[in-house]
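Report on the following structure.
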Amino acid sequence: KNTKNPVFKFNLHYLYPKIFTMKKQTFLWYILILTINFETFIAQPIKYTIKGTLKGSRYNKIYLHHKWNNEFKTDSAIIKNNAFMFKGTTPEVNMYWINFSKDPMAAPNAAFFIDQTQISISAHQDSLMNAKITGGKEQSYFTHYRKTMQEFGAKQQLLYQQYNQALQRNDAETVNKTQAEFMELGQKVKTTLIDMIKSHPASPVSGYIIYQEFNNNPNISVQELEQIVSYLDKNFLNTKFGKLAQHKLLQIKGTSIGNKIMEFSQTSPDGKIINIRDFEGKYVLIDFWASWCGPCRMENPYVVAAYNKYKDKGFTILGVSLDQNKNAWLKAIEKDNLTWTHVSDLKGWNNAVAQAFGISSIPQNILIDKNGIIIAKNLRGTALEEKLKEIFGE
């Protein structure tokens, strides 16, 4: 599983078309999505109590973190006789998490939603992410969501293994069958999550799901996302997570087909600064990928074929890597015969370009025309070559 410091073990992620991607599952991401400076929602403060038991801990202190008004807030409690407790208030229902460090980004960690009901946590120091957490209706919904995604994740992982095995033995029939099953599973995940949101229109967890699961989802159109956001209760839209969902919708609209690509630049392997404007006059595929991303590597043969066919007709590719290890990045470029221009800041999911475009799952791509206008997004498999055929002909 190619993840870094995941909050939830089940997030594996979505394969084809949505669930055939590697999804950003870093704990940092779960916090960064809350860094937008939302206007504080005026509500009665919620008093909370968190009681926990922690077996096998070599620590004597545990930390409680949350984010509010663009600032991290941290509390701490002594672990005594394998038990700890926090008490406090929060302006509204909010996501909190515990870990063993003053650093809110440190792992391992366990996240939960606080409402007016006491939160109970039972965990082992070596498996904090798998803590059993019970609380009020919001935490129950959050737990249900986690369990559901865990089940889908297990199915996805099995399909991914079957796909890889079929690919290695050149079993085209099984490869095609598995890809079809990926697509079917992706649609089932989408339907299940939408049903959850419709059943909980005023829940912060629903806002969280919209941002996390439908964030730049290649299987969700702007119109569909607008419809999903419309399921939310109007009063809920004034809350932190309601505004989070609306912000995501606005961000996606800003990178939708027909808009001009935002200007950006990043560094190539040899240290040269590459700007998207350097490619004016050409059709450019901006390809977000990483060496560690299995679905990206599986997609690369299609991208290579399209590039080789149309590179002399005014088409090129700019690969934006979400790698952190430069050697792994360069080896993947060589092994997969990716002979186009590549850039990265080697910051993983914190890649500045990826963040600017709201990328939280890969592979993803954006096709722009000679004038920098977005004309297509997330062309997977043979779809890229078919689109280029429309533009350039045979």
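The values are calculated or read from the model by the stated rules, or taken from the named source; none is laboratory data. Here the structure is a predicted model, which is why all the values come from computation and not from measurement. Quick reminder, even Gly has a Cβ in these numbers, built from the backbone with ideal geometry, and neighbours come from all protein chains shown.
Structure notes:
- Listed conditions (1) farther than 14 Å from residue 287 by Cβ; (2) assigned to a helix (DSSP H, G or I) are all met by residue 394, apart from (2).
- Of the residues making up segment 287-309, not a single one is among the acidic types (Asp, Glu) and surrounded by fewer than 16 Cβ atoms within 10 Å (Cβ to Cβ).
- Residues within segment 347-391 that are within 22 Å of residue 180 (Cα to Cα) and assigned to a helix (DSSP H, G or I), tallied: 5
- Selection over segment 264-301 of residues that are touching a residue at least 24 places away in the same chain (Cβ under 8 Å), among the charged types (D, E, K, R) and under 17 Å from residue 334 (Cα atoms) gives a count of 3.
- Scanning segment 375-394 for residues that are among the charged types (D, E, K, R) and touching a residue at least 60 places away in the same chain (Cβ under 8 Å) turns up 377, 380, 385.
- Remark: residue 232 matches the filter, which requires a residue to be surrounded by 22 or more Cβ atoms within 10 Å (Cβ to Cβ) and either in the same structural domain as residue 357 (by TED's automatic domain parsing) or not polar (S, T, N, Q) (or both).
- Evaluating residue 127 against the criteria (1) of a type outside the set (A, V, I, L, M, F, W, C); (2) buried (at least 21 other Cβ atoms within 10 Å of the Cβ); (3) not in a strand (DSSP E or B) leaves one unmet condition, (2).
- Some residue of segment 218-238 being of a type in the set (Ser, Thr, Tyr), farther than 24 Å from residue 93 by Cβ and touching a residue at least 60 places away in the same chain (Cβ under 8 Å): no
- Tallying residues that are touching an Asp or Glu at 6+ places or on another chain (Cβ under 9 Å) and either charged (D, E, K, R) or in contact (Cβ under 8 Å) with a residue 60 or more places away in the chain (or both) within segment 164-173 yields 0.
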